[in-house]
Amino acid sequence: MALLVADLKWAEEGDPVARIARHLKIGVGAVLAFEVVKKSLDARHRPPSWRVVLRLEVADEAGVLRRRIPSVRLWSPRDEGRYGREDGLVRPPARSGSGRPIVVGMGPAGMFAALYLAEAGLHPLVLERGAPVDTRVASVNAWWRGKAPLDAEDNLVIGEGGAGTFSDGKVYTRRRDGQLGYIFRRLVEFGADPELLQDSLAHLGTDKIRAILPPFRERLRALGAEVRFHARVVDLKVEQGRCTGVVLDDGTEESASAVVVAAGHSARDTVKMLIEAGAAAEPRGIAVGARIEHPQALIDRGRYRTEDRGDLPPATYRLTHHPATGPRGHTFCMCPGGMVVPASNHPGRVVVNGMSFAARRAYWANSAVIVDVPVSAYGATDPMAGFRWQDAIEVRAFELGGGTWAAPAQRVPDFLAGRRSDDLPRTSFPMGIAAVDLHQLFPPFLGQALAEVIRVFDRQIPGFAGPDALLLAPETRTTSPVVFTRTSGQESTTLRGLFPAGEGAGYAGGIISSALDGLRAAISIAG
Ligand SMILES: Cc1cc2nc3c(=O)[nH]c(=O)nc-3n(C[C@H](O)[C@H](O)[C@H](O)COP(=O)(O)OP(=O)(O)OC[C@H]3O[C@@H](n4cnc5c(N)ncnc54)[C@H](O)[C@@H]3O)c2cc1C
């Protein structure tokens, strides 16, 4: 049992226990434990003061309640959710005889859908076409080092943890309550730094994400989920407009009470399969461009206005250019102290992205610089049109790079001047770079728009477009070019029982938004 103390005036300095004891009119020794569950600035008075809500344990709870202090009451189970201490989600009992749900994909969306379904006692079957994270890291490293060819089923975007495993793991959101609270608290339970619960600009780092995944998987299994790797779903079972299960690549079939497909947007074959099976989808505009890489010190100077950043973390940035008319662009997925990585899962196609380790200690900073691409640019209106448009750029990048996985690259001043770079600076990209005029890679509208937004950003960070800035391309896979039409319960509008979720469904763009979308699909299924 515990008490809740609402609206208590709080000071950063002084003894908090003495303050609480005074408020409750008890001795200091009777305050056993307290936790600030909410802190806000009360600006109604001058000067403003901090107010807190406390969860409190005292020696004589009944005695305190008998005093009838207006701000004090018993802590209730609903407070767990309200103050984000627990997830606050009500889990229904298992529905016997209704069959188990299936979750396709173990990226953030699939994993959180599976976790909720497992916690609800529904024993989901979780199918992941790729490998567990432990062997996945070795495969990615072997490819980067040229010791193995790209494995289409085991790479940077396919496998346990999905596309987020080899990322910077930015999880930038302010709120930590409700469904977001559920996600963040589970991440901490599986090993993430508890600071994640307070820091709205938190990042995990690829090393930490890799460590979180095995305990996550073990929890799923402990809750009665069946987790299968190297299990690629190649078709849906459909009966009278309802998705009743899946077909696997080895020919086996699995029946399901509901199917969550959280396949990401790199698994083009799976997206195509869903559309062919009858799930309605529409093309969607995306944002495409390149990775820009600078020495981190240049970014630190630009942001902190000092040569020595001291104890400050490596500086980050988020730049946007959204004029009323003309090209619109922004930076995306900035990785301070990180590296640019090859992120293709298709032989013969170059795609770049960014990742960093928890310490963010690398010499470089990188970010996507991307411009809006409307559906009209795809040249067709079917749901797969955007993928074909992206794929064509990625294939051209592979060819322009010399067919060796080298990424086409150009110094930014050369890109702005429209000439190939004579020499290229050092880079973090592990598979080599090739001097290419990127205007040859992009459609003219895209190259021109990219040049325009880079010029604008150069006015915000000195040196952004200077000789130390390098572009590596293409950054094609920032968002999904398709959106599956869904009901308010996240079910496909045309295939009952099918729940397209996460980034590949067109409803998320990032680790946390994908996790949230998967979680909501599971809540809808669990009822
Ligand atoms: C290099 C990189 C860095 C990134 N950095 C960040 C970052 O710092 N912060 C951030 O918020 N986001 C980042 N992102 C984006 C983020 O990773 C994605 O938005 C997120 O992973 C999408 O989650 P998802 O679960 O929807 O799909 P995915 O993560 O793509 O997962 C889909 C899973 O489904 C599996 N699958 C596909 N088809 C099938 C099938 N037919 N059968 C069985 N399994 C299948 C795949 O193997 C994969 O594991 C980054 C992405 C990349 C590639």
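The values are calculated or read from the model by the stated rules, or taken from the named source; none is laboratory data. Note that the coordinates shown come from a computational prediction; the quantities given were computed from them, not determined experimentally. Every residue, glycine as well, gets a Cβ built from its backbone with ideal geometry; the counts of neighbours run over all protein chains shown. Only protein heavy atoms, including side chains, enter the accessible area calculation; ligands, DNA and RNA are left aside. Shrake-Rupley method; radii C 1.70, N 1.55, O 1.52, S 1.80 Å.
Only one residue in Val188, Val103, Val126 is among the β-branched types (Val, Ile, Thr) and open to solvent by 10 Å² or more (accessible area, probe 1.4 Å). Which one?
Residue meeting the stated conditions: Val188.
For region 311-334, give me each residue that is touching a residue at least 24 places away in the same chain (Cβ under 8 Å), open to solvent by 30 Å² or more (accessible area, probe 1.4 Å), assigned to a loop (DSSP other than H, G, I, E, B) and within 23 Å of Leu201 (Cα to Cα).
Across region 311-334, the qualifying residues are Pro313, Thr316.
Given the conditions (1) open to solvent by 30 Å² or more (accessible area, probe 1.4 Å); (2) not in a helix (DSSP H, G or I), report the number of the one that Val341 does not fulfil.
Going through (1) open to solvent by 30 Å² or more (accessible area, probe 1.4 Å); (2) not in a helix (DSSP H, G or I) one by one, Val341 breaks only (1).
If you scan region 392-406, which residues turn out to be crowded, with 17+ Cβ neighbours inside 10 Å and of a type in the set (Asp, Glu)?
Residue satisfying the conditions is Glu394 alone.
When you scan region 117-128, how many residues do you find that are touching a Gly at 6+ places or on another chain (Cβ under 8 Å) and either closer than 21 Å to Arg349 by Cα or more than 14 Å from the ligand (Cβ to nearest atom) (or both)?
3
Considering every residue within region 351-360, establish whether at least one is more than 16 Å from Leu438 (Cβ to Cβ), part of a helix (DSSP H, G or I) and modelled with pLDDT of 95 or more.
no
Do we find a residue being aromatic (Phe, Trp, Tyr), more than 9 Å from the ligand (Cβ to nearest atom) and not in a loop (DSSP other than H, G, I, E, B) anywhere in region 183-190?
Yes; the residues of region 183-190 include at least one that is aromatic (Phe, Trp, Tyr), more than 9 Å from the ligand (Cβ to nearest atom) and not in a loop (DSSP other than H, G, I, E, B).
Restricting the search to region 407-429, which residues are open to solvent by less than 10 Å² (accessible area, probe 1.4 Å) and of a type outside the set (Phe, Trp, Tyr)?
Ala407, Pro408, Ala409, Gln410, Val412, Ser421, listed by residue number.
Taking the residues in region 230-248 that are open to solvent by 40 Å² or more (accessible area, probe 1.4 Å) and closer than 28 Å to Asn141 by Cα as candidates, determine which candidate is farthest from the ligand (Cβ to nearest atom).
So, considering only residues that are open to solvent by 40 Å² or more (accessible area, probe 1.4 Å) and closer than 28 Å to Asn141 by Cα, the one farthest from the ligand (Cβ to nearest atom) is His230.
State all residues of region 361-380 that are open to solvent by 10 Å² or more (accessible area, probe 1.4 Å) and in contact with a Ser or Thr (Cβ under 9 Å, 6 or more places away or on another chain); if no residue qualifies, say none.
Ala362, Tyr363, Trp364, Val375
Quick check, is Arg91 open to solvent by 40 Å² or more (accessible area, probe 1.4 Å), at pLDDT below 70 and either under 19 Å from Gln179 (Cβ atoms) or of a type outside the set (Gly, Ala, Ser) (or both)?
yes
Every residue in region 254-286 that is among the charged types (D, E, K, R), open to solvent by 30 Å² or more (accessible area, probe 1.4 Å) and within 14 Å of the ligand (Cβ to nearest atom), please.
Glu254, Asp269, Lys272, Glu276
Test of understanding: among Ala152, Ala142, Ala202, Ala163, which residue is small (Gly, Ala, Ser), in contact (Cβ under 8 Å) with a residue 40 or more places away in the chain and more than 23 Å from Ala521 (Cα to Cα)?
One residue alone meets the criteria, Ala152.
Under the condition of being of a type outside the set (A, V, I, L, M) and assigned to a helix (DSSP H, G or I), which residue from region 288-307 is surrounded by the fewest Cβ atoms within 10 Å (Cβ to Cβ)?
Only one residue tops the list, namely Tyr304.
Please find, within region 145-166, the residue that is nearest to the ligand (Cβ to nearest atom) out of those that are under 15 Å from Val340 (Cα atoms) and open to solvent by 50 Å² or more (accessible area, probe 1.4 Å).
Ala163
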